[in-house]
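Only one structure is covered here, and it is reproduced in the block below.
The values are calculated or read from the model by the stated rules, or taken from the named source; none is laboratory data. Just so it is clear, the model here is predicted, and its values are computed rather than measured. For neighbour counting, all protein chains shown are included, and Cβ atoms are generated from backbone atoms with ideal geometry for every residue, glycine included. When the accessible area is computed, the model is the full protein with side chains, heavy atoms only, and any ligands, DNA or RNA have been set aside. Shrake-Rupley method; radii C 1.70, N 1.55, O 1.52, S 1.80 Å.
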Amino acid sequence: MSEQSTDLYAPRVPIFPRRVSGPFRRLKWGIMLVTLAIYYLTPWIRWDRGPNLPDQAVLVDLANRRFYFFWIEIWPHEFYFVAGLLIMAGLGLFLFTAALGRVWCGYACPQTVWTDLFLVVERWVQGDRNARMRLYQSAWTARKWRLMLTTWGIWLLIAMATGGAWVFYFTDAPTLARNLVTFDAPQVAYLTIALLTATTFVFGGFMREQVCIYMCPWPRIQAAMMDEGTLTVAYRDWRGEPRGKGLKRREAAEGLRVTGPQIGGRAPLIPMPGLANSTTAKRQVSEGEDTRPPGDCIDCNACVNVCPMGIDIRDGQQMACITCALCIDACDQVMEKTGRPRGLIDYVALSDAPREAAGGDPIPAWKHAVRPRNIAYFALWAGIGLLLVFALFIRPDIEMTVAPIRNPTFVTLADGSVRNAYDVRLLNKHGDDRAFLLAPSLETDAQAEMEIEGHRGSVVPVPADTMTRVRVYLTAEPGTDLATEAASPVRIWVQDMASGERAHVDTTFNGSENR
């Protein structure tokens, strides 16, 4: 008995989506242009922050550990702003998925946007769907080499521009562009551009739907965000089945008659949960069980031909569907040409199927969007956003940290006085140089003399948008409570001499053990 080997993985079948026009296609064009413009142009926007700060509007300055976003500057210890934005992005994705399914995947995901852009190039060079399919199946002639190399060359230019735009977010864009051309840029810049060029070229040109199906985890997570009230792209099988062309052939061959009660000009469907899989209806026709009149679907496969994922939306909900809604545009065009109402494929909710199949009106879209779970997502999202805005406006322009020196905790001088040392960091978030005045404040009547290493008096100059570290000494006279107590509370103040803004840090003063 011979063993038969079975391949675990099927080879990729190239997908050649047909060009389609309609409101959803125009919406995708608009989103693609906006997102690409934001990505490519943002690093070149200038923003004057003064002579000592970078004038790039959006800049991730890793060397100086800063993040600039127009008038906002984020320091390393303020990473909670970035964490808050990431949480908002996650909640926003949950909100959109719960309300409209995988709308992010279909319209704004970088994989979708760049794949759309590559498809535009492919159609422009090779032609629409049928022409591309013939070219793919043909032998490698001089014409095929010319068309394919032209397509790949334009893809490569787009991919290089993609990688080049990314590195401009991390340093001054005009300076880096000049250094890249003159080969004076850091090696990491060239490596980053090469890596992003390769991934964009491969993912957008050759892997496409495989990235969404196999590499992206969101198709497997999004099911937890959706329920039967979520609006998503779906096929109204109760209206489309059985498909007219197939039924006409069957009636012509077998002379079948349509029987059964009529609702709204059609026989009612067999009850199925949600939007039933239309393969069931097709199986009923093939087995001779379905006596319904033909539905609105003429089985033209227009919805399949325009799908960038290569699926048939009439087969029900599928993990590969990114809800790009191009099948809606294609089907609506066919419905108009055949004199049937639009909406055979549409944004619908599974819970609406029984109502519509019985002849009732669908629930308005806004009622599906405004549901308790979606309201909770929006409330959390808006609440975090308001907290971040509030924290942004109340944060001070000067900050100070104080770290007592623990080795040793105190030093007894020759005259019996006790001295403590502190590492003080002063942050000046202004765009110009400032002078900071330091002073101690004690809860007891005892006095402590302050000395700043390397500075005369108690004034420390701090350059613009920098952090300055100084060593501060507090000395208590011998015999005082401050010098003899094991630990006494002390508060160190800092004041901006120009604006009068103040900040303080509470710490302790360690006294002598001979008490």
Exercise. Quote the accessible area belonging to Asp352 in square angstrom, nearest 10, computed with a 1.4 Å probe and with ligands, DNA and RNA left uncounted.
Key: 10 Å²
Quiz item: Once you sort the root eigenvalues of the Cα gyration tensor of region 1-156 as a ≥ b ≥ c, which label holds: rounded (a/c under 1.5), prolate (a/b larger than b/c) or oblate (the other case)?
Solution: prolate
Quiz item: Once fully extended, how much extra length lies between Ala464 and Asp433, figured as 0.36 nm per residue of separation less the alpha-carbon to alpha-carbon distance?
Solution: 10.7 nm
Practice problem: For region 62-116 and region 296-361, write down the distance between their C-alpha centroids in whole Å. | Solution: 32 Å
Quiz item: Which of the chymotrypsin sites (Phe, Trp or Tyr not before Pro) found in region 1-102 are in a DSSP loop and have at most 13 neighbouring Cβ atoms, other than their own, within 10 Å?
Solution: Tyr9, Phe70, Trp71, Phe79
Quiz item: Okay, helix-only estimate at 222 nm for the chain: each DSSP H run of n ≥ 4 adds -39500 (n - 2.57), divide by all residues, round to 500 deg cm²/dmol; what do you get?
Solution: -12000 deg cm²/dmol
Quiz item: Highest mean first, what order results for 295-301, 459-465 on Cβ atoms within 10 Å?
Solution: 295-301, 459-465
Quiz item: Extension gain Asp423-Ile31, at 0.36 nm per residue separation less the Cα-Cα distance, in nm?
Solution: 136.0 nm
Quiz item: Near the amide H of Val306, under 5 Å away, which other amide H atoms are found, from residues 5 or more places off or on another chain, if H is placed in the peptide plane?
Solution: Arg18
Quiz item: In degrees, nearest 10, range 0 to 90: what is the angle between the Cα axis of helix 244-254 and the longest Cα principal axis of the chain?
Solution: 30 degrees
Self-check item: Label point at Arg371 placed 7 Å out along Cα→Cβ; residues across region 214-232 whose backbone nitrogen lies under 16 Å
Solution: 222-232
Exercise. Mind checking region 427-494 for GluC sites (Glu not before Pro) that DSSP puts in a loop (not H, G, I, E or B) and that have at most 15 other Cβ atoms within 10 Å?
Key: Glu443, Glu453
Practice problem: Taking the Cβ of Arg102 as the centre, find all other residues whose Cβ is under 15 Å away and add up their charges (Lys, Arg: +1; Asp, Glu: -1). | Solution: 0
Quiz prompt | Under 13 Å, Cβ to Cβ, from Asp116 - net charge with Lys/Arg +1 and Asp/Glu -1 | solution = +4
Exercise. Please tell me the relative contact order of region 60-128 in percent, rounded to the nearest whole number, where contacts are Cα pairs under 8 Å and at least six residues apart.
Key: 11 percent
Quiz item: trypsin sites (Lys or Arg not before Pro), restricted to region 23-77: which are DSSP loop and have at most 13 other Cβ atoms within 10 Å?
Solution: Arg65
Quiz item: If Lys and Arg each add +1 and Asp and Glu each add -1, what is the summed charge of the other residues whose beta carbon sits under 12 Å from the beta carbon of Gln495?
Solution: 0
Practice problem: Take the alpha-carbon centre of region 205-233, take the same for region 365-412, and report the distance between them in whole Å. | Solution: 31 Å
Quiz prompt | Dipole of region 102-195 [Lys/Arg +1, Asp/Glu -1 at C-beta], most positive-end residue of Leu147, Gly106, Gly163 | solution = Leu147
Practice problem: Would you indicate which of [x] 119, 60, 59; [y] 90, 48, 45; [z] 103, 58, 48 is the value of Cα extents along the principal axes in Å derived from the coordinates of this structure? | Solution: [x]
